[in-house]
Structure formats: structure tokens, C-alpha cells
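What follows is a short report on a single structure.
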Amino acid sequence: MKATLKQTSYPPRSSVLWITTCGFFMALTIVLSSFGVPVPGGKLYLCDVAITTAAMLLDPIGAMLVGGIGTFIGDALYYPAPMYVSLVVHGLQAFAISWIAHNTFKNKPLIGAIAGLIVGTIILVTGYTIGKIYVYSTLEYAIISFPFELLQGVIGASFGLMLAYGCHLKQIFERRINRRR
């Protein structure tokens with residue numbers, strides 16, 4: 001039983017560290033939702049970097065809050081049309097990444113994180129493609145923006161993976177958690 005608790009690499013939800021980490025990544029998500037690189041069919045946003053990084057550090061509920069509520073608030077402040085699509089899509093994306101990263105390939109966490117990021121990118125691209133058809137009532141707009149949704153997902157996953165594992169942010173975060181226990 002203790003070995004299972006050791007492998008769970010996120011703080012308890014009631015802890016100050018969990019609340020602070022969620023708040024930090026949510027604020028970062030909101031800020032990164034405020035500007036985007038113009039591309040045909042819309043803009044390319046970097047908020048997925050914060051979402052994917054948070055998903056690899058936090059538990060699925062914390063990740064879902066960061067992804068869903070962070071992008072919802074960001075969209076509500078800067079471009080409200082897709083805010084409900086963002087709430088659902090980024091929330092599911094973050095939840096899936098976190099759950100897969102923490103619950104699969106326990107002996108090889110990097111492989112679990114990559115698997116989670118692949119599933120999260122599929123959720124992002126599929127969700128936004130369907131969401132754009134609903135919000136803008138046009139299949140053509142969704143088709144035009146499809147490659148850029150894919151690019152946004154790949155960029156977010158790549159940089160999130162680089163921050164969490166390449167820059168050892170996950171290792172630093174886990175050391176901080178274990179020191180508190």
C-alpha cells in the first residue's frame with residue numbers, strides 16, 4: 001500500500017501546494033490565452049503549454065480545473081465565442097493527460113506522459129474541430145483551422161513535455177511534495 005502512495009506524484013487536494021500550483025497554472029493559462037499567433041482560420045494559442053505541464057504535475061481534478069476553467073476565463077475575457085467549447089475540451093484534455101500520465105506505465109513515467117499527451121492532443125483537435133462547427137456553424141471553417149489545431153496541440157505537448165521532463169520540473173515538484181510528507 002505504501003508503494004502505491006509513493007508512486008502517486010501529486011499533493012493532496014487540501015494542501016497549500018496543490019491550491020497554489022493550480023492557481024499559478026490557471027493564471028498562466030489565462031495569460032497565454034490573451035494573445036495568439038494569427039493563422040488562417042483563427043489564432044494559434046500557447047495556453048496548451050501551461051495546461052500540459054500542469055497535467056503532468058497535478059492530479060486529474062487539478063489538471064481539469066487548470067485546463068477547463070483557465071481557458072474558460074481566458075476566453076471570457078478576450079474572445080467569448082468559444083469559451084464553453086474551451087471549458088469542455090481543455091478540461092477533458094488535461095484530465096486525460098494527467099490520468100494517463102499518472103496511472104499507466106508506472107515504471108516508465110516518461111512513456112506514460114507521452115501516451116497521455118498523444119491522447120490529449122487527439123481530444124484537443126477533435127473537440128475544437130467539432131466545437132468550431134457548432135460555434136461558427138460552418139464545416140469549412142473547422143476544416144481550414146484543423147491543421148492549426150493539430151499544430152497547437154503538438155506545440156503544447158512538446159513544450160509541456162520539455163518543461164516537465166527536460167527541465168526536470170516534475171522531479172523538482174515531486175521532491176517538494178515528498179519533503180512535505
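The values are calculated or read from the model by the stated rules, or taken from the named source; none is laboratory data. All of these numbers come straight from a predicted model, not from anything done at the bench. Neighbour counts are summed over all protein chains in view; Cβ atoms, including those assigned to glycine, are modelled from backbone coordinates with ideal geometry. Heavy atoms of the whole protein, side chains included, go into the accessibility calculation; ligands, DNA and RNA do not. Shrake-Rupley method; radii C 1.70, N 1.55, O 1.52, S 1.80 Å.
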(request) For the stretch 51-61, enumerate the residues that are more than 22 Å from residue 154 (Cβ to Cβ) and open to solvent by less than 10 Å² (accessible area, probe 1.4 Å). (result) 59
(message) Take the residues in the stretch 62-93 that are hydroxyl-bearing (Ser, Thr, Tyr) and in contact with a helix residue (DSSP H, G or I) (Cβ under 7 Å, 6 or more places away or on another chain); name whichever of them is farthest from residue 125 (Cα to Cα).
(response) 71
(request) Within the stretch 18-50, track down each residue that is hydroxyl-bearing (Ser, Thr, Tyr) and either assigned to a helix (DSSP H, G or I) or surrounded by fewer than 18 Cβ atoms within 10 Å (Cβ to Cβ) (or both). (result) 20, 21, 29, 34
(message) With the requirement that a residue be part of a helix (DSSP H, G or I), among the aliphatic types (A, V, I, L, M), modelled with pLDDT under 95 and farther than 16 Å from residue 50 by Cβ, what does the stretch 77-109 give you?
(response) 83, 85
(message) Looking at (1) open to solvent by less than 20 Å² (accessible area, probe 1.4 Å); (2) modelled with pLDDT of 95 or more; (3) under 22 Å from residue 36 (Cβ atoms), which one does residue 131 not meet, given that it meets all the others?
(response) (2)
(request) Search the stretch 100-112 for residues that are free of Cβ contacts under 8 Å to residues at least 12 places away in the same chain and within 18 Å of residue 166 (Cα to Cα) and pair each with any residue that is not polar (S, T, N, Q) and not in a helix (DSSP H, G or I) when their beta-carbon atoms are under 6 Å apart and the residues are at least 6 apart or on different chains. (result) 111/105
(message) Of the residues 145, 137, only one is among the hydroxyl-bearing types (Ser, Thr, Tyr) and open to solvent by 70 Å² or more (accessible area, probe 1.4 Å); which?
(response) 137
